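Below is one structure; the comments refer to it alone.
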Amino acid sequence: MAVFGDIPAATAEDVELAVLAARDAFARDGGRHWSRAPGAVRAKFLKAIAVKIKERKSYMALLETLDSGKPLDEAHGDMEDVAACFEYYADLAKALDGKQRSPISLPMENFESYVLKEPIGVVGLITPWNYPLLMATWKVAPALAAGCTAVLKPSELASLTCLELGGICVEIGLPSGVLNIITGLGPEAGAPLASHPHVDKIAFTGSTETGKRIMVTAAQMVKPVSLELGGKSPLIVFDDVDIDKAVEWAMFGCFANAGQVCSATSRLLLHEKIAKQFLDRLVAWAKSVKVSDPLEEGCRLGSVVSEGQYQKVMKFISTARSEGATILYGGVRPQHLKKGFFIEPTIITDVSTSMQIWREEVFGPVICVKEFRTEREAVDLANDTHYGLAGAVISNDLERCERISKVIQSGIVWINCSQPCFVQAPWGGNKRSGFGRELGEWGLDNYLSVKQVTKYSSDEPYGWYRPPSKL
Ligand SMILES: NC(=O)c1ccc[n+]([C@@H]2O[C@H](COP(=O)([O-])OP(=O)(O)OC[C@H]3O[C@@H](n4cnc5c(N)ncnc54)[C@H](O)[C@@H]3O)[C@@H](O)[C@H]2O)c1
Ligand SMILES: C[N+](C)(C)CC=O
């Protein structure tokens with residue numbers, strides 16, 4: 001670990017200032033310049049942010065890698081996704097103007113009704129460290145597109161690219177107070193934001209434990225929340241597949257970003273007929289992964305984010321061993337990397353459904369494996385979790401895949417792949433993985449409130465009461 005910068009540790013007083021600034025920006029000039037401005041006005045700012053991100057892609061990616069340990073190639077991909085997300089919501093901001101006053105068909109001709117979509121107000125955005133700028137962007141872009149003003153609190157473990165975003169917003173002339181960024185610890189900076197009475201909504205991405213706390217706090221004010229939480233997602237592989245193709249998806253599903261992915265398919269379910277051959281190939285592929293300094297060309301597995309995360313992942317592995325599982329491959333620091341928080345890609349077999357490694361989110365490059373005989377058994381194992389973020393199935397029988405996609409209890413199902421993520425498609429979980437959807441049009445709806453306006457349009461009196469007799 002090396003210190004290459006420091007960030008402010010905000011407290012409740014800073015949160016107060018940030019919320020005040022956001023409230024002021026929301027209401028300034030009756031909202032004419034932001035919250036009630038045409039979506040096309042806000043779209044220009046979002047497009048301008050996207051342009052700057054693209055211009056600075058290499059620098060921003062480097063910063064993300066230095067801060068989080070993810071391979072530079074992955075950080076480049078993240079920055080492309082960040083720019084695409086701002087562009088996408090710029091288009092939706094523009095389209096919002098045309099969706100206002102959409103009429104509702106009513107069963108009584110004396111009434112006319114239409115719907116206004118209005119920004120919720122000041123929103124608090126609290127985000128994690130695994131995709132620091134991307135996870136923040138999934139909230140900032142739609143919130144701003146909707147006309148909200150925001151206070152963003154990124155993770156204390158990786159805040160730098162979010163601070164850069166703040167600099168970009170100043171450069172492009174985003175009206176002051178529209179986006180406010182505070183850095184600092186969860187209890188000191190995140191909690192006062194979540195409990196602030198003048199914050200109208202909290203959008204949170206992070207662990208299920210913190211999500212629960214945020215929900216309890218928000219409940220005191222009946223404040224809406226959307227929660228994107230953890231996962232323990234399954235990948236089911238049937239016996240009719242091209243083994244190497246399926247192995248590559250299994251690897252990408254659990255070793256990309258060193259497995260620090262909410263939707264990581266970290267429970268691998270293999271049809272018993274191919275299990276041995278599949279595991280032999282999986283080990284061979286895992287051996288060939290380039291684990292290195294994330295800045296090195298071709299790196300495919302960098303370090304985990306922090307010493308704390310390293311210790312946590314190692315503890316999961318040792319508990320799995322002590323509970324009787326087999327560490328088929330990995331489970332240790334790579335021999336050639338004496339410093340840093342590196343962990344070999346790890347494959348764990350002989351797993352039972354009561355083991356911690358089967359039940360809890362590791363958030364590291366660790367996959368656990370079970371075999372199944374029948375489709376029914378595969379689905380039961382896939383759904384044997386409190387989480388419900390994602391699931392994946394690989395088979396050449398597409399009817400089977402579609403059948404399974406209907407019964408997997410999760411917000412996302414991948415067929416013949418794992419992890420691809422598109423800004424146009426909804427993202428979010430069921431069960432203890434949270435609720436609400438980000439991305440796509442659903443992501444914009446997160447920051448809009450729906451107002452019904454109904455007009456009595458007849459010249460006749462309503463006629464429910466008899467008029468009093470005239471004297
Ligand atoms: N569902 C998704 O889309 C998604 C995406 C990315 C990450 N995640 C989840 O995020 C988790 C990893 O992220 P993490 O370790 O940063 O999570 P975390 O819950 O520890 O922290 C997330 C954020 O909450 C803040 N926080 C902590 N305590 C708080 C409190 N009491 N009040 C308010 N804010 C508080 C943190 O400072 C950070 O900014 C994993 O569980 C992962 O699955 C989910
Ligand atoms: C959605 N994704 C994979 C970018 C981030 C989840 O941790």
Matching entry among ARG28, ARG42 (being closer than 26 Å to LYS94 by Cβ, assigned to a helix (DSSP H, G or I), over 25 Å from the mean Cα position of the chain (by Cα) and among the charged types (D, E, K, R)): ARG28
I'd like the residue in the stretch 264-282 that is under 21 Å from PHE342 (Cα atoms) and outside any helix (DSSP H, G or I) and, out of all such residues, is nearest to ligand 1 (Cβ to nearest atom). ALA264
With ALA325, ALA258, ALA286, ALA320 as the choices, which residue is surrounded by 14 or more Cβ atoms within 10 Å (Cβ to Cβ), modelled with pLDDT of 95 or more and within 16 Å of ligand 2 (Cβ to nearest atom)? ALA258
Turns out the strands (runs of 3 or more DSSP E) fully within the stretch 328-441 with at least 1 residues that are free of Cβ contacts under 8 Å to residues at least 24 places away in the same chain are 412-415
From the list ILE415, ILE394, which one is surrounded by 20 or more Cβ atoms within 10 Å (Cβ to Cβ), away from ligand 2 (no atom under 16 Å from the Cβ) and of a type in the set (Val, Ile, Thr)? ILE394
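Restrict the check to the stretch 138-147 and report whether at least one residue is within 11 Å of ligand 1 (Cβ to nearest atom) and either touching a residue at least 60 places away in the same chain (Cβ under 8 Å) or touching a Phe, Trp or Tyr at 6+ places or on another chain (Cβ under 8 Å) (or both).
So far as the stretch 138-147 goes, yes, one or more of its residues are within 11 Å of ligand 1 (Cβ to nearest atom) and either touching a residue at least 60 places away in the same chain (Cβ under 8 Å) or touching a Phe, Trp or Tyr at 6+ places or on another chain (Cβ under 8 Å) (or both).
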Does the stretch 245-255 hold any residues that are touching a residue at least 40 places away in the same chain (Cβ under 8 Å) and out of contact with any strand residue (DSSP E or B) (no Cβ under 9 Å at 6 or more places or on another chain), and which are they? PHE252
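To keep it simple, each residue is scored yes or no on (1) of a type in the set (Ser, Thr, Tyr); (2) farther than 20 Å from LYS57 by Cα.
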| position | (1), (2) |
| --- | --- |
| THR127 | yes, yes |
| ASN130 | no, no |
| THR137 | yes, no |
| SER159 | yes, no |
| CYS169 | no, no |
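The values are calculated or read from the model by the stated rules, or taken from the named source; none is laboratory data. These numbers were taken from a predicted model, which means no experiment stands behind them. Note that we place each Cβ from the backbone using ideal geometry, even for glycine, and neighbour counts take in every protein chain shown.
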